[in-house]
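Shown next, in structure tokens, is the structure this report addresses.
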Amino acid sequence: MGSGMARNLLHAGHELAVFNRSREKSQVFEAEGARVARSLADACNGAEAAVTMLSDDRAVEEVAFGEGGLASALESGATHISGSTISTALVRRLASEHAARGQGFLSAPVFGRPDAAAQGKLLVVAAGAPELVERYRPVFDAIGRQTFVAGLEPWQANALKLCGNFMIASMLEAFGEGYATLRKAGVDVQVFLDAMNALFASPVYANYGRLIAEDRFEPAGFALALGQKDMRLLLETAQECVSPMPLASLLRDHMLEGLAQGQAHMDWSSVACVAARGAGL
């Protein structure tokens, strides 16, 4: 995801320094006009903004608060833009820590798989101070096809993103259960998928429905382990808001069952395998 975003920032004319904890992943950008930084501090030197795209809370905490991390490396007045799907609790901590250092902070998680990132077609969900959102709108325009502003508090963007992933996960579960029943009924699941595509006219339904119909879960565009993490974070947010989400609890448990069956690195659409096993398929 980060690679596609970085390339689109370069293509849009932004001056870019890139850093990855695995240096070989950042070196490929040197030929494309980026400066390969030796460290986070080097990457942040003179930067107006630092954009992070990391897998989970632990990775973000390490990059933000570890020795030589963003919180200490960013200059006063610069802004950390977090594209990661992380807990609302960590986002609140990031906002507080950066504010204490005179730095800005925006949360801007995205919807889309790696191919959408490469094509600059992500959907960006931003939240934070309005003046910061507008200041960095050119960054969002470079990486995505549309930006939605979730609110004044950065954590609200993550609440929206987690609920959005819940909607997608609910669809994956529905496909898995529907396909299992149809296969046992002797109905061609492709006919069902064609009917659903005509009904919903959604590329998300079309793409994921095809993956599940063809049992094509590798290579993963978004790993099941990350999907299960997001359902866990969603339920933590729901707990904070005192808002029951029983379907999210089911999805978390079904994804956990998938992890127990060795599906951690398969695409999160492989949660459909749980329904198939339950049906004896």
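Numerical summary
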| quantity | calculated |
| --- | --- |
| Tilt relative to the chain, helix 203-213 - C-alpha long axis, 0 to 90 degrees, to 10 | 50 degrees |
| The stretch 1-56: trypsin sites (Lys or Arg not before Pro) in DSSP loop, at most 15 other beta carbons within 10 Å | R21, R38 |
| The stretch 215-281: GluC sites (Glu not before Pro) in DSSP coil with no more than 10 other Cβ atoms inside 10 Å | none |
| Contact order normalised by residue count of the stretch 159-278, Cα under 8 Å, 6+ apart, percent | 39 percent |
| Set of aspartates and glutamates near K229 by C-alpha distance (under 20 Å), chain-local residues within fewer than 8 positions excluded | D56, D57, E61, E62, E173, E218, E240, D253, E257, D267 |
| Calculated FRET efficiency for the pair E32/D215, C-beta based, R₀ 51 Å, to 0.05 | 0.90 |
| Options V125, A89, F65, ranked by Cα towards positive dipole end of the stretch 2-152, top entry (Cβ charges) | V125 |
| Among D141, D56, D194, residue whose mean-square fluctuation peaks in a GNM of the chain (springs only between Cα atoms under 10 Å) | D194 |
| Estimated dipole of the stretch 2-152 in Debye, rounded to 20 [Cβ of Lys and Arg +1, of Asp and Glu -1, Cα centre] | 260 debye |
| Relative contact order, percent, the chain [alpha-carbon distance under 8 Å, six or more residues apart] | 15 percent |
| Cα-projected label distance for Q261 with N207, points at 7 Å along beta-carbon direction, nm | 2.4 nm |
| Three-way shape label, the stretch 2-152, alpha-carbon gyration tensor, a/c 1.5 | rounded |
| For the stretch 159-278: rounded, prolate or oblate by the Cα gyration tensor [a/c cutoff 1.5] | prolate |
| Trypsin sites (Lys or Arg not before Pro) restricted to DSSP loop in the stretch 210-267 with at most 14 other C-beta within 10 Å | R216 |
| Estimated dipole of the chain in Debye, rounded to 20 [Cβ of Lys and Arg +1, of Asp and Glu -1, Cα centre] | 160 debye |
| Overall form of the stretch 27-98 per C-alpha gyration tensor (a/c, 1.5; a/b vs b/c) | prolate |
| Reported label for calculated Cα extents along the principal axes in Å given [x] 63, 45, 33; [y] 65, 50, 32; [z] 61, 38, 32 | [x] |
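Only the coordinates and a few stated rules stand behind these numbers; no lab work does. Since this is a predicted model, take the numbers as computed values, not measurements. Cβ sites come from the backbone with ideal geometry, for glycine too, and all protein chains shown count toward neighbours.
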